[in-house]
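The values are calculated or read from the model by the stated rules, or taken from the named source; none is laboratory data. Here the structure is a predicted model, which is why all the values come from computation and not from measurement. Here the Cβ positions follow ideal geometry from the backbone for every residue, glycine too, while neighbour counts run over all protein chains shown. Heavy atoms of the whole protein, side chains included, go into the accessibility calculation; ligands, DNA and RNA do not. Shrake-Rupley method; radii C 1.70, N 1.55, O 1.52, S 1.80 Å.
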Amino acid sequence: MATTTTTGKTGGIHAPVQPSAELGAIVGNEKLPRSQVISKVWDYIKSNNLQNPENKREIVADEKLKKVFGRDKVTMFEMNKYISQHVKA
């Protein structure tokens, strides 16, 4: 029985996507798997201390993230909805 390795997966969350220019300012402009895009956005949020200290589920957008989210604050649950509008298969 053959097993699928991480590098062998090509669909769904592993499918490479092209970030928009706005999202590219955060994650880079190269095609990446959607899972990597989300991971890089979280790295950016954490390294720039953009989580609301009273409610860690809320993300307070800086100028770069406002261009992606289109608003000042989003919850971690809404984040993927806004990111998906900024990637192309």
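Which residues, taken from the stretch 32-55, are touching a helix residue (DSSP H, G or I) at 6+ places or on another chain (Cβ under 6 Å) and of a type outside the set (A, V, I, L, M, F, W, C)?
Across the stretch 32-55, the qualifying residues are PRO33, ARG34, SER35, LYS40, TYR44.
Scanning for something within 23 Å of GLY12 (Cα to Cα), of a type in the set (A, V, I, L, M, F, W, C) and without any contact (Cβ under 8 Å) to a residue 40 or more places away in the chain, does the stretch 80-87 turn up at least one residue? Break it down stepwise before answering.
Keep residues of the stretch 80-87 that are within 23 Å of GLY12 (Cα to Cα), which gives 80-87.
Now narrow it down to the ones that are of a type in the set (A, V, I, L, M, F, W, C): 83, 87.
Remaining after also requiring without any contact (Cβ under 8 Å) to a residue 40 or more places away in the chain: none.
Checked against the condition, which is being within 23 Å of GLY12 (Cα to Cα), of a type in the set (A, V, I, L, M, F, W, C) and without any contact (Cβ under 8 Å) to a residue 40 or more places away in the chain, the stretch 80-87 yields no hits at all.
Please go through the stretch 17-58 and give me each residue that is among the basic types (Lys, Arg) and under 15 Å from HIS86 (Cβ atoms), ordered by number. Give the steps one after another, and end with the answer.
Narrowing the stretch 17-58 to residues among the basic types (Lys, Arg): 31, 34, 40, 46, 56-57.
Result: LYS31, ARG34, LYS40.
Say we look at the stretch 71-89 and pick out the residues that are within 14 Å of the chain's Cα centre (by Cα) and assigned to a loop (DSSP other than H, G, I, E, B); which of these is farthest from LEU23 (Cα to Cα)? Working first, answer last.
Pass one, the stretch 71-89, residues within 14 Å of the chain's Cα centre (by Cα): 74-88.
Filter once more, so that each one left must be assigned to a loop (DSSP other than H, G, I, E, B): 85-86.
Numbers: GLN85: 10, HIS86: 6 Å.
So the residue we want is GLN85.
Considering only the stretch 32-55, I want to know if a residue exists there that is assigned to a loop (DSSP other than H, G, I, E, B) and either among the basic types (Lys, Arg) or under 25 Å from GLY12 (Cα atoms) (or both). Talk me through it step by step, then tell me what you get.
The initial filter retains those residues of the stretch 32-55 that are assigned to a loop (DSSP other than H, G, I, E, B), namely 48-50, 53-54.
Filter again for either among the basic types (Lys, Arg) or under 25 Å from GLY12 (Cα atoms) (or both), leaving none.
Among the residues of the stretch 32-55, not one is assigned to a loop (DSSP other than H, G, I, E, B) and either among the basic types (Lys, Arg) or under 25 Å from GLY12 (Cα atoms) (or both), which makes the answer no.
Can you name the number of the only condition in (1) loosely packed, with under 15 Cβ neighbours inside 10 Å; (2) modelled with pLDDT of 95 or more that THR5 fails?
Of everything listed in (1) loosely packed, with under 15 Cβ neighbours inside 10 Å; (2) modelled with pLDDT of 95 or more, THR5 misses just condition (2).
Cβ-Cβ under 6 Å, sequence separation 6+ or interchain: first residue in the stretch 20-47 and farther than 17 Å from GLY70 by Cα and open to solvent by 30 Å² or more (accessible area, probe 1.4 Å), partner among the polar types (S, T, N, Q) and at pLDDT 95 or above. Which pairs?
Listed by first residue and then by second, the contacts come to LYS31/GLN18.
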